[in-house]
Amino acid sequence: MKNYFVSLIGASVLSAFCGSALAQDGKIQAADMVALFEKMSGQHPGHRKAHARGLCATGVFIPSPNDLFKGAPLLHNGELPVVMRFSLGGGDPDADERVAGVRGVGIQIKLPDGSIHHFTGNNFPVFAGKDPDTFHGFLSTMLPDESGKSDPAKTLAYAEEHPSVKAHMAWAQNAQAPASFANVEYYGLHTFYYESADKERTKFRWRLSPDLGIKNLTADEIMSKPSDFLADALAEQLQEGPVSFTLIASIGQEEDSTNDPSVQWPAVREKVELGAIRLTDSGGEQCKPLNFDPNVFSAGFSPSDDPVLRMRSAAYAISFGKRLSGQ
């Protein structure tokens, strides 16, 4: 349960909760989510309230124009500058990087007209709950009691009553420790749309596939690594050769869910390459002033009615404001 707790906090927290001020039913507000994150990870002034430990990298986005996304400025302006932030889940800025669980990514692509496009994802393919209320309730079962202990039975009972958390639980129980941020596949989780100039609308979900392949640490490798090995691992890969990812869109059908990130689309859906991200450098403070709000898009793109996606912007904004003010 300990590893699962760490995974869940890392994965779903910062990536999943940053949208509008209220959940769809008006019960859970973004401020409630941020407060819960602080209870679970403790107070760490000046740091992100989730995905606190991270590593910045820079590079270029090399687009792959195609008919489904025709006319998208994101894909028709040549190579574009990219800033990426890789992270561990949870709110501890000193988290042990050898621990299995959540890894996240925030991507900012800047277009020539000054507009930006964000992609924000995690290494898990399904979210822990169909909506903000379910997720908040799920995490709340893991809070310790007066004696400082949490009761796994509460979490299991909650899952039986709220089955939309089960797929994420299954993922978390089998999560491993990646060998590098460059050896992780990241999922956008939510449904998005692209509408071309002639009003053709494409429904899609995205993932970022590592061109170096997925690689996890063995038990022996974990024992030999320091707790902060990921920055050196990525730097060494950059010295050895190209480090890149392929951005892939899965094209949705009418029957595919648009508002439930706890449900995956069928694997047989059509796949379209949107482009490649090639890293050129890692380290530095470029990411420090950035807020990787997943609801920031370039022209033609728009969000779905996913209540989790809607809540993320407000939660990110609250966390961002606290971080910049030293809270």
From the set of residues in the range 65-95 that are charged (D, E, K, R) and crowded, with 17+ Cβ neighbours inside 10 Å, which is farthest from V296 (Cα to Cα)?
D92
Do we have any residue at all in the range 242-249 that's surrounded by 13 or more Cβ atoms within 10 Å (Cβ to Cβ), touching a Gly at 6+ places or on another chain (Cβ under 7 Å) and either modelled with pLDDT under 95 or not in a loop (DSSP other than H, G, I, E, B) (or both)?
yes
For the range 152-164, does any single residue satisfy the condition of being surrounded by 17 or more Cβ atoms within 10 Å (Cβ to Cβ), touching a residue at least 24 places away in the same chain (Cβ under 8 Å) and not in a loop (DSSP other than H, G, I, E, B)?
yes
From R98, R103, grab the single residue that is touching a Lys or Arg at 6+ places or on another chain (Cβ under 9 Å), at pLDDT 95 or above and either among the β-branched types (V, I, T) or farther than 18 Å from P303 by Cβ (or both).
R98
Scanning the range 108-120 residue by residue, those surrounded by 23 or more Cβ atoms within 10 Å (Cβ to Cβ) and closer than 24 Å to S41 by Cβ turn out to be T120
Of L189, L212, which residue is touching a Ser or Thr at 6+ places or on another chain (Cβ under 9 Å), touching a residue at least 12 places away in the same chain (Cβ under 8 Å) and buried (at least 22 other Cβ atoms within 10 Å of the Cβ)?
L189
Scan the range 166-189 for residues that are within 21 Å of T120 (Cβ to Cβ) and among the aliphatic types (A, V, I, L, M) and jot them down.
A167, A172, A175, A182, V184, L189
Only one of (1) modelled with pLDDT under 95; (2) more than 21 Å from A179 (Cα to Cα); (3) within 21 Å of the chain's Cα centre (by Cα) is not met by V83, so which one is it?
(1)
Within the range 232-249, identify whether any single residue is in contact with a Lys or Arg (Cβ under 6 Å, 6 or more places away or on another chain), in contact (Cβ under 8 Å) with a residue 12 or more places away in the chain and small (G, A, S), and answer yes or no.
yes
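The values are calculated or read from the model by the stated rules, or taken from the named source; none is laboratory data. Not measured: the values here are computed from a predicted model. We place every Cβ from the backbone using ideal geometry, glycine too, and count neighbours over all the protein chains shown.
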